[in-house]
Amino acid sequence: GNVKMLIGIDSDISKLKSAEREIEEQKNTVEEKNTELKFALKDITDSLNYAKYIQNAILPPEKKLKEILHDSFIYYQPREIVSGDFYWYANAKGENNEEYIFIAVVDCTGHGVPGAFMSLIGNRILNEIVNQKKIYNTAQILEFLNVNIQLALKQDQTDNNDGMDVCLCRIEKKKDNTADVTYSGAKRPLYIWINEESKLVRHSGDRKSIGGIRAKRSKVSFTSNNYTIKKQDILYLTSDGY
């Protein structure tokens, strides 16, 4: 029970305490920044969600499409709330009272907000070409769209290279359960399921985009392609997203 040795340890913990205080201050700063980021993210998300309502307002109602094209369906899933892809529809009568249905799927440059701005511009110009200028030739529609996108974005004065790829069809229903389809594509193909042959046929578009510096320099002209389809055949128009 006798003490044989006594050891004393002296430690200066002032630096340790100082480091602990610094860590605590940094932790509080990080928490404050996280709170600020959460509020900022909420503001951005709320703005994008509101922009989504605006973008959806320009899209043709699926119910309306089903009235015209009874067995139609749409798969539309934006990656970033708002989308750089859009679909477009118009109804028109030809010179000899032909009933034309126009349908297009358009893939704009960029995703999210930049792509959504492009989709608004593209939709407006397509409506102007078909509904106001009464241009019904699909190749001419793409040519006019190309020129007007370049003008809208002032691509002759800037290095802006935004544009879009398009799959465009004009459908004229016939009385014998067939339909004449005129197709023009700007780097987007048209797929036709031929029911009698159980075969999917891919029709390639022209190697030219709408808008952009390359399209301006390209000497390729858009072409129209004509097909006759039967009632059980199916047309598929897609962007490159799906």
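The values are calculated or read from the model by the stated rules, or taken from the named source; none is laboratory data. These numbers come from a predicted model, not from an experiment. A quick note on method: Cβ atoms are made from the backbone with ideal geometry, for glycine too, and the neighbour counts reach across all protein chains shown. Surface accessibility is based on the protein's heavy atoms, side chains included, excluding ligands, DNA and RNA. Shrake-Rupley method; radii C 1.70, N 1.55, O 1.52, S 1.80 Å.
Accessible area per residue (1.4 Å probe, heavy atoms of protein chains only) ranks Met118, Met5 as Met5, Met118, with the largest value leading. For region 50-155, the spherically averaged projection of the C-alpha convex hull amounts to 7.3 nm². In whole percent, how big is the carbon plus sulfur part of the accessible area of region 53-104, probe 1.4 Å, protein atoms only? Carbon-and-sulfur percentage of accessible area, whole number: 50. Among the protein heavy atoms, those of Tyr76 account for about 60 Å² of accessible surface (1.4 Å probe, every chain in place).
What does the accessible area of Lys199 come to, in Å² to the nearest 10, when a probe of 1.4 Å is used? Accessible surface of Lys199 is approximately 90 Å². Across region 97-106, rounded Karplus estimates of 3J(HN,Hα) from the backbone phi angles (6.51 cos²θ - 1.76 cosθ + 1.60, θ = phi - 60°) give 6, 5, 8, 9, 10, 9, 9, 9, 10, 10 Hz, Gly and Pro being marked x. Here region 139-193 has 46 percent of its accessible surface on carbon and sulfur atoms, given a 1.4 Å probe and all protein chains in place. For the residue pairs Lys66/Lys187; Lys93/Lys199; Lys52/Lys154, alpha carbon separations beyond 29 Å are given by Lys93/Lys199.
With helices as the sole contributors, the chain gives -12500 deg cm²/dmol at 222 nm; each DSSP H run of n ≥ 4 counts as -39500 (n - 2.57), and the sum is divided by every residue. Of the residues Phe102, Phe73, Phe222, the one that moves most in a GNM of the chain with alpha-carbon contacts below 10 Å is Phe73.
In the chain, Rg over Rh equals 1.36, where Rg is the alpha-carbon radius of gyration and Rh the Kirkwood radius from pairwise Cα distances. With protein chains left intact and a 1.4 Å probe, residues in the chain average 66 Å² of accessible area per residue. Net charge dipole, the chain: roughly 680 debye, given to the nearest 20, about the Cα centre with Cβ charges of +1 for Lys and Arg and -1 for Asp and Glu. Per-residue Karplus couplings for region 190-195, computed as 6.51 cos²θ - 1.76 cosθ + 1.60 with θ equal to phi - 60°, are listed in order as 10, 9, 10, 8, 8, 5 Hz, Gly and Pro entered as x. The Cα trace of region 73-216 gives Rg and Dmax of 15.9, 52 Å, the first to one decimal, the second as a whole number. Each Lys and Arg adds +1 at its Cβ and each Asp and Glu adds -1 at its Cβ; summed about the Cα centre, region 158-242 shows a dipole of about 240 debye. Residue-wise HN-Hα couplings along region 176-189, as the Karplus relation 6.51 cos²θ - 1.76 cosθ + 1.60 with θ = phi - 60° gives them from phi, are 9, 6, 10, 8, 8, 10, 10, 10, 9, x, 9, 6, 10, x Hz; Gly and Pro carry x. Whenever you get a sec, compute what percent of the accessible area on region 194-242 sits on carbon and sulfur atoms (1.4 Å probe). Solvent-exposed carbon and sulfur of region 194-242 make up 45 percent of the total. Which whole-angstrom value gives the distance between the alpha carbon centres of region 1-51 and region 171-242? With region 1-51 and region 171-242 each reduced to a Cα centre, they are spaced 61 Å.
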